[in-house]
Amino acid sequence: MASSMAAAATATALPLPSGTTQRPSAQGRLLFTAAPARSLRLRPAGRRSARSSPRATKAVVAALADPLKVMISGAPASGKGTQCELIKTKYQLAHISAGDLLRAEIAAGSENGKRAKEFMEKGQLVPDEIVVNMVKERLRQPDAQENGWLLDGYPRSYSQAMALETLEIRPDTFILLDVPDELLVERVVGRRLDPVTGKIYHLKYSPPENEEIASRLTQRFDDTEEKVKLRLETYYQNIESLLSTYENIIVKVQGDATVDAVFAKIDELLGSILEKKNEMVSST
């Protein structure tokens, strides 16, 4: 049923960097093969603006037997965090980020948090089993059950996706923010931090207000062109590995437009899904 809720559109291509990628075999194993450059065949979000449709506002607050379930992914500096805030605010979804969840569980001293902390203190990655348990328990909370959920940047690998599938945790749609690599690099390399106020600036898009502020700005050690290109390569490999699980519900949204324009496409998609859910509830 989830595939029928994605916006119908002509397939478009998302180029991936060449190199070694991880693809699941028919038996569920990961094979490592040197592959040429390829494209992801994904469906773009609808072109119509949600503002032209009277259904958008009413659909958001509708009482549903099956609430909205969304996954969203985007490369570093794709604007995913901004779009998550807009989605959460309008649709009142439980916003769940695996990183934030991990930090919260550790701070609360939960059983999962204690186990995760042991691995982190040893400099090791937290096993998927622990993170999946955290996500599962969070999705069982009343707000997620009643209002629906927005899973931010998770899953990131085939094994994580399969763990969620085993638990029958599946979204209505998987939103993929698509931004050209050159723009992503520009966004990251131009970022600066004001150590006094904590405010984030960008040398081109959001420059400091005066020379005093400009003189004290710092740059994160990993906000370099070399580092961000490595992060992008890892990101594309992760997305490639998820295709076999979510290919029928992945919707590509162009993320190189203005914030409002990007959200209008996402809003159109989610509004359409909610409308279909309402129709199904009404017909029963």
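Key figures
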| read-out | value |
| --- | --- |
| Failed item in (1) polar (S, T, N, Q); (2) surrounded by fewer than 12 Cβ atoms within 10 Å (Cβ to Cβ); (3) under 28 Å from Ile130 (Cα atoms), with Gln237 passing the rest | (2) |
| Any hit, the range 210-220, residues being open to solvent by 90 Å² or more (accessible area, probe 1.4 Å), out of contact with any Cys (no Cβ under 8 Å at 6 or more places or on another chain) and within 22 Å of Gly255 (Cβ to Cβ) | yes |
| From Glu165, Glu225, residue being within 24 Å of Pro155 (Cα to Cα) and in contact (Cβ under 8 Å) with a residue 40 or more places away in the chain | Glu165 |
| Residue check, Gln124 of a type in the set (S, T, N, Q) and part of a helix (DSSP H, G or I) | no |
| Answer from Gln124, Gln145, Gln141, Gln160 - the residue that is surrounded by 18 or more Cβ atoms within 10 Å (Cβ to Cβ) and of a type outside the set (Asp, Glu) | Gln160 |
| Residue under evaluation Lys90, criteria (1) within 23 Å of Pro76 (Cβ to Cβ); (2) modelled with pLDDT of 90 or more; (3) touching a helix residue (DSSP H, G or I) at 6+ places or on another chain (Cβ under 9 Å), criterion not met | (1) |
| Among residues of the range 244-284, those that are within 14 Å of the chain's Cα centre (by Cα) and either surrounded by fewer than 19 Cβ atoms within 10 Å (Cβ to Cβ) or at pLDDT below 90 (or both), counted | 1 |
| Any chance Arg170 is open to solvent by 70 Å² or more (accessible area, probe 1.4 Å), in contact (Cβ under 8 Å) with a residue 60 or more places away in the chain and either of a type outside the set (Ser, Thr, Tyr) or closer than 21 Å to Glu233 by Cα (or both) | yes |
| In the range 127-151, residue farthest from Lys88 (Cα to Cα) [restricted to those that are outside any helix (DSSP H, G or I) and in contact with a strand residue (DSSP E or B) (Cβ under 9 Å, 6 or more places away or on another chain)] | Gln141 |
| Residue in the range 187-194 that is under 15 Å from the mean Cα position of the chain (by Cα) and open to solvent by less than 20 Å² (accessible area, probe 1.4 Å) present | no |
| Condition check for Glu165: part of a helix (DSSP H, G or I), under 23 Å from Ala257 (Cβ atoms) and either modelled with pLDDT under 95 or not basic (Lys, Arg) (or both) | no |
| Residues that are closer than 25 Å to Pro195 by Cα, loosely packed, with under 14 Cβ neighbours inside 10 Å and at pLDDT 90 or above, drawn from the range 222-234 | Glu225, Glu226 |
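For every residue, the table says whether it meets (1) over 13 Å from Lys69 (Cβ atoms); (2) at pLDDT 90 or above; (3) acidic (Asp, Glu).
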| residue | (1), (2), (3) |
| --- | --- |
| Lys122 | yes, no, no |
| Leu125 | yes, no, no |
| Asp128 | yes, no, yes |
| Val132 | yes, yes, no |
| Lys136 | yes, yes, no |
| Glu146 | no, yes, yes |
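The values are calculated or read from the model by the stated rules, or taken from the named source; none is laboratory data. Quick caveat: nothing in here was measured; it's all calculated off a predicted structure. So basically every Cβ, Gly included, is an ideal-geometry build from the backbone, and we count neighbours across all protein chains shown. Just so you know, the surface numbers come from the protein's heavy atoms only, side chains and all, with ligands and any DNA or RNA stripped out. Shrake-Rupley method; radii C 1.70, N 1.55, O 1.52, S 1.80 Å.
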